[in-house]
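The values are calculated or read from the model by the stated rules, or taken from the named source; none is laboratory data. Because the structure is predicted, anything quoted here is derived from the model rather than measured. Here the Cβ positions follow ideal geometry from the backbone for every residue, glycine too, while neighbour counts run over all protein chains shown. Just the protein is used for accessible areas: all its heavy atoms, side chains included, with ligands, DNA and RNA removed. Shrake-Rupley method; radii C 1.70, N 1.55, O 1.52, S 1.80 Å.
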Amino acid sequence: MNVDSSYVHALEGRLRIKIPKVKGAARKAQEVECHIRQSAGIEYVSANPTTGNVLIHYNSRLIDQNDIVSSLKEWGYLSHASSMDSGRNNSLSTQHGVVEKVTATVAATLMEVALSRLVGALI
């Protein structure tokens, strides 16, 4: 996804997205939360100014991920130059698969390093 954000994680009813404008900006984080809460179907929003992550829980029968991302773009928190707009990627779930693979690879590598250090410490 080519937006002014790094997509982080999405499941049905839950979206976590990194919004650079929120990082280091407590007022901007509160502003994002207020905007998102106004949308029908939003159940919970938490914008973290330390990480720039925005966690959104929503009722998927009332609103979907694309609606949320579109709203974030409309409010100026994300770039409009998105691959979702150009039709190359019509859902966040495709990105979710890539993120899952990268996460699994990183987790496996970290586990391998941790086990190697543990074995080294025991010897």
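If you go through the stretch 19-50 and keep only what is surrounded by 13 or more Cβ atoms within 10 Å (Cβ to Cβ), in a loop (DSSP other than H, G, I, E, B) and not aliphatic (A, V, I, L, M), you end up with Pro20, Lys21, Lys23, Ser39, Gly41, Asn48, Pro49. Of everything listed in (1) within 18 Å of His9 (Cα to Cα); (2) open to solvent by 70 Å² or more (accessible area, probe 1.4 Å), the single unmet condition for Glu74 is (1). I'm checking my understanding of the structure. Among residues of the stretch 73-94 that are of a type in the set (Gly, Ala, Ser) and within 23 Å of Ser39 (Cβ to Cβ), which one is modelled with the highest pLDDT? Taking the candidates together, the pick is Gly76. Of everything in the stretch 95-123 that is under 17 Å from the mean Cα position of the chain (by Cα) and open to solvent by 90 Å² or more (accessible area, probe 1.4 Å), the residue that is modelled with the highest pLDDT is Glu100.
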